[in-house]
Amino acid sequence: MNELNFFKQNGYLIKENLISQKNISKINKIVNEIVLKEKQKNKKNTLNKTQSYDNYHFVYNSNSLKNREILRLNNPQNRFYDLSRNKKIISIAKKLLGGSVRFHLGKLNFKLPNKKKGSEIGWHQDWAFYPHTNDDLITVGIYLDDCFEKNGPLKIIKNSHKKKLYNHHNKENFFIGKIDLKKNKIGINKSVSITGTAGTVVFFHCRSVHGSGHNHMDSSRPLILFGYRACDAWPLINDGNPHPEVDLENYDKNIIVGKKSIKPRLTKVPTIIPLPKKKHYVSIYELQKNKH
């Protein structure tokens, strides 16, 4: 089975050693420098920043300065632009998206060790966060360290991208970015663990149901995530990432393969608008806590 058919059937594709160890070492060196610099700052004004496509900031597991740790770096493409446009990644994205590629979003999740640190990600579909006029959107995950079952790998439910869009709202009808597993009876025991060595890259469909558990090892398990969309997939709502109504020029600058056009492609896709929210442009960690 070729790559495209495998992706269409399963909703994901794994490419081992797609990024060289030399490049991974360079990236990790820069990441470590960025993290060290941030820890040395330790200022209150780094807290509670909201997400937007042009800023570059950290998300913490606590608002307390004393024991807080970094969960995520938002918009790492501002520092790792070349990686976000990597030819190997983009050539595969182009096939999976039908011929055109527009950059959508970036984040670097650190997957902290220890259950108490709050880096578990509940089961969800990315599509629930950012509905578009069609669902030709993918997320690309790049492992910066070896990933095993023990350190909380990304888990994906095969073939779930072809099925229903699950409700990601709570009982009070606020959007919280996660699926009620009991209510929906999702068979997470049938999920696939996306393990692999550093340099492994996973591509998955925006409607694939996925999540990740606790990291039971002693060190973090960093993962860079880049989102891409077909050029004719237009957002129905502003999710804090490059958006045509906020800045059309910037939105078009994010085209990597394809031509700019104001003619979206409309397809019959299930859609639930991710509103109301108690807070906008916050991380999935904060949303899934279900309290503000």
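Pairs are defined by a Cβ separation below 9 Å, a sequence spacing of at least 6 or placement on different chains, a first member in segment 15-37 that is free of Cβ contacts under 8 Å to residues at least 24 places away in the same chain, and a second member that is assigned to a loop (DSSP other than H, G, I, E, B); the pairs so defined are S25/A198. Among the residues making up segment 145-157, those that are surrounded by fewer than 21 Cβ atoms within 10 Å (Cβ to Cβ), assigned to a loop (DSSP other than H, G, I, E, B) and in contact with a Ser or Thr (Cβ under 8 Å, 6 or more places away or on another chain) are D145, D146, F148, E149. Among the residues making up segment 208-240, those that are charged (D, E, K, R), farther than 20 Å from G196 by Cβ and in contact with a Lys or Arg (Cβ under 8 Å, 6 or more places away or on another chain) are R229, D232. The residues in segment 168-197 that are out of contact with any helix residue (DSSP H, G or I) (no Cβ under 8 Å at 6 or more places or on another chain) and either closer than 16 Å to D126 by Cα or hydroxyl-bearing (S, T, Y) (or both) can be counted, and the count is 7.
So that you can scan it fast, the table gives a plain yes or no per residue for (1) more than 28 Å from I27 (Cα to Cα); (2) in contact (Cβ under 8 Å) with a residue 12 or more places away in the chain; (3) in a strand (DSSP E or B):
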| site | (1), (2), (3) |
| --- | --- |
| I90 | no, yes, no |
| K94 | no, yes, no |
| R102 | no, yes, yes |
| K107 | no, yes, yes |
| K111 | no, yes, no |
| I142 | no, yes, yes |
| L165 | yes, yes, no |
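Somewhere in segment 171-179, is a residue surrounded by 23 or more Cβ atoms within 10 Å (Cβ to Cβ) and aromatic (F, W, Y)? No, segment 171-179 contains no residue that is surrounded by 23 or more Cβ atoms within 10 Å (Cβ to Cβ) and aromatic (F, W, Y). Considering only segment 65-101, state which residues are under 15 Å from the mean Cα position of the chain (by Cα) and of a type in the set (K, R). Residue satisfying the conditions is R72 alone. Within the set L225, L275, the sole residue that is closer than 28 Å to S160 by Cα, out of contact with any Phe, Trp or Tyr (no Cβ under 9 Å at 6 or more places or on another chain) and either in contact (Cβ under 8 Å) with a residue 40 or more places away in the chain or among the acidic types (D, E) (or both) turns out to be L225. Might you let me know whether segment 241-249 holds any residue that is at positive phi and either touching a residue at least 24 places away in the same chain (Cβ under 8 Å) or of a type in the set (D, E) (or both)? No: segment 241-249 contains no residue that is at positive phi and either touching a residue at least 24 places away in the same chain (Cβ under 8 Å) or of a type in the set (D, E) (or both).
Looking only at segment 261-279, which residues are at pLDDT below 95 and surrounded by 13 or more Cβ atoms within 10 Å (Cβ to Cβ)? Within segment 261-279, K277, K278 meet the criteria.
The residue list L18, L36 contains one member that is out of contact with any Gly (no Cβ under 6 Å at 6 or more places or on another chain), under 20 Å from R221 (Cβ atoms) and surrounded by fewer than 12 Cβ atoms within 10 Å (Cβ to Cβ), which is L36. Within segment 196-218, none of the residues are at pLDDT below 95, crowded, with 16+ Cβ neighbours inside 10 Å and among the acidic types (D, E). Condition check for E120 on (1) under 15 Å from the mean Cα position of the chain (by Cα); (2) crowded, with 21+ Cβ neighbours inside 10 Å: one failure, at (2). The one condition from (1) assigned to a loop (DSSP other than H, G, I, E, B); (2) farther than 20 Å from L154 by Cβ; (3) in contact (Cβ under 8 Å) with a residue 24 or more places away in the chain; (4) not polar (S, T, N, Q) that I256 does not meet is (1). Close Cβ contacts (under 9 Å, 6 or more residues apart or on different chains) running from residues in segment 171-184 that are more than 17 Å from H280 (Cβ to Cβ) to residues that are acidic (D, E) and part of a loop (DSSP other than H, G, I, E, B) comprise K171/D180. Within segment 72-122, being modelled with pLDDT of 95 or more and of a type in the set (A, V, I, L, M) holds for L83, I89, I90, I92, A93, L96, L97, V101, L105, L108. Do you know which of the residues in segment 219-248 that are among the hydroxyl-bearing types (S, T, Y) and outside any strand (DSSP E or B) is surrounded by the most Cβ atoms within 10 Å (Cβ to Cβ)? Per the criteria, the residue is S220.
The values are calculated or read from the model by the stated rules, or taken from the named source; none is laboratory data. Please read all numbers here as calculations on a predicted model, not as lab measurements. Quick reminder, even Gly has a Cβ in these numbers, built from the backbone with ideal geometry, and neighbours come from all protein chains shown.
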